[in-house]
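*Asks:* Handing you this structure, nothing more for now.
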Amino acid sequence: MKKYFLLTFAFFACFLAKAGSPIQLTEIPYNVNYHWGIIDVNIAHGTVKYECDGTNFHGTLDGVSIPWEGHVIVVSDTLKTQFLPGEKYSKEKITYQSGWYRRPKAKYFRSNDYNPANPANYKNIAGQGEYDASNASMEAITITSDMIGMYYYAHEIDFESMQPNQQITIPIEGVYAQEVVITYLGKGSYEIENINYPTYNCMFEYNYKGTMSGYPVQMRIHQTDRIPVFLSASIPVGKIEMIYNP
């Protein structure tokens, strides 16, 4: 009886260990580039921070564009989730999600008079704020806020056991996305400042209200530390790329 109890306890402990992947606080700086044909220009700088105790995940994405027509674009996303045991990989239960969009005048943004909490200065994905942001802008902010969860799956997914074009569908319990479909594209490499990073390459896309977003995102994940070193999404003209800035 004691042996049976110990075996049962060991199995249960192993099951719990697979329920989540602890991740220490990680901060990743990015350059954001616009790419179209021979055009390749830096348009913004951003930072992703995240950590997980094995179940509770907290991540943020903050970015500020370079001045354009006298304005800057400011994006601030937060995602808090619980990653709970699934069939093979953790399923995602969102406990808090926010995404903020601001476009202040560049000079005003740097001054002491700028108040980011003034409703006239922002719009968020919950519909709050008075700033007149386009639907396309707010759709993009929703996707980037959901995308933070992929930084957890970059650590958990066993890419070595996958074949190119193999897909994983992960259910999401939250206000916006219902699931994310991840397609493994195989191994590769990506060079940044003359350093070659061996990568796992994948593509992911979110499902909202039963419809795929239409904005698949390509991601290259460093094989050793599982940091996404490159992300790319197509827009009506060209691509937006986030590139790790070591």
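Only the coordinates and a few stated rules stand behind these numbers; no lab work does. Since the structure is predicted, the reported quantities are computational estimates derived from the model, not experimental observations. Note that each Cβ is placed from the backbone with ideal geometry, even for glycine, and that neighbours are counted across all protein chains shown.
*Asks:* Using alpha-carbon pairs under 8 Å, 6+ residues apart, how would you state the relative contact order of the chain in percent?
*Replies:* That works out to 15 percent.
*Asks:* Next up: State to the nearest 20 debye the size of the charge dipole of the chain about its Cα centre, where the only charges are +1 on K and R beta carbons and -1 on D and E beta carbons.
*Replies:* It works out to roughly 420 debye.
*Asks:* Magnitude of the Cβ-charge dipole of the stretch 69-185, K/R +1 and D/E -1, about the Cα centre, nearest 20 debye?
*Replies:* With only Lys, Arg, Asp and Glu charged at Cβ, the dipole is about 500 debye.
*Asks:* Let me ask you something else. Among LYS91, LYS80, LYS107, which one moves the most in a GNM of the chain with springs linking Cα atoms closer than 10 Å?
*Replies:* LYS107
*Asks:* Something else now. Mind pulling the angle between the C-alpha long axis of helix 135-147 and the longest principal axis of the chain? Nearest 10 degrees, somewhere in 0 to 90.
*Replies:* Taking Cα atoms only, the helix is inclined about 30 degrees.
*Asks:* Could you work out how far helix 2-17 tilts from the main Cα principal axis of the chain, as a 0 to 90 degree angle to the nearest 10?
*Replies:* 20 degrees
*Asks:* Give the distance, in whole Å, between the Cα centre of the stretch 96-132 and the Cα centre of the stretch 133-192.
*Replies:* The two parts, judged by their Cα centres, are 27 Å apart.
*Asks:* May I pose another question? Over the chain, with a Gaussian network built from C-alpha contacts below 10 Å, which listed residue (GLY37, GLY46, GLY99) shows the highest mean-square fluctuation?
*Replies:* Comparing GLY37, GLY46, GLY99 in the GNM, the peak value goes to GLY37.
*Asks:* Output the pairs from LYS88/LYS239; LYS93/LYS239; LYS88/LYS123; LYS80/LYS105; LYS187/LYS209; LYS123/LYS239 with a Cα-Cα distance over 27 Å in this structure; if there are none, say none.
*Replies:* Violating the 27 Å limit, Cα to Cα: LYS88/LYS239; LYS93/LYS239; LYS88/LYS123; LYS80/LYS105; LYS187/LYS209.
*Asks:* Can you tell me which of GLN97, GLN82, GLN24 moves the most in a GNM of the chain? Springs connect C-alpha atoms under 10 Å apart.
*Replies:* Of the options given, GLN24 has the highest mean-square fluctuation.
*Asks:* Summing Lys, Arg as +1 and Asp, Glu as -1, what charge do residues with Cβ under 14 Å from the Cβ of GLY186 carry, GLY186 excluded?
*Replies:* In short, +1.
*Asks:* Within a Cβ distance under 13 Å of ILE168, other residues only, what is the Lys/Arg minus Asp/Glu net charge?
*Replies:* -4
*Asks:* Turning to a different aspect of this structure: Okay, helix-only estimate at 222 nm for the chain: each DSSP H run of n ≥ 4 adds -39500 (n - 2.57), divide by all residues, round to 500 deg cm²/dmol; what do you get?
*Replies:* Computed mean residue ellipticity for the chain: -5000 deg cm²/dmol.
*Asks:* Normalised by the residues of the stretch 103-198, what does the relative contact order come to in percent, with Cα pairs under 8 Å and at least six apart?
*Replies:* 14 percent
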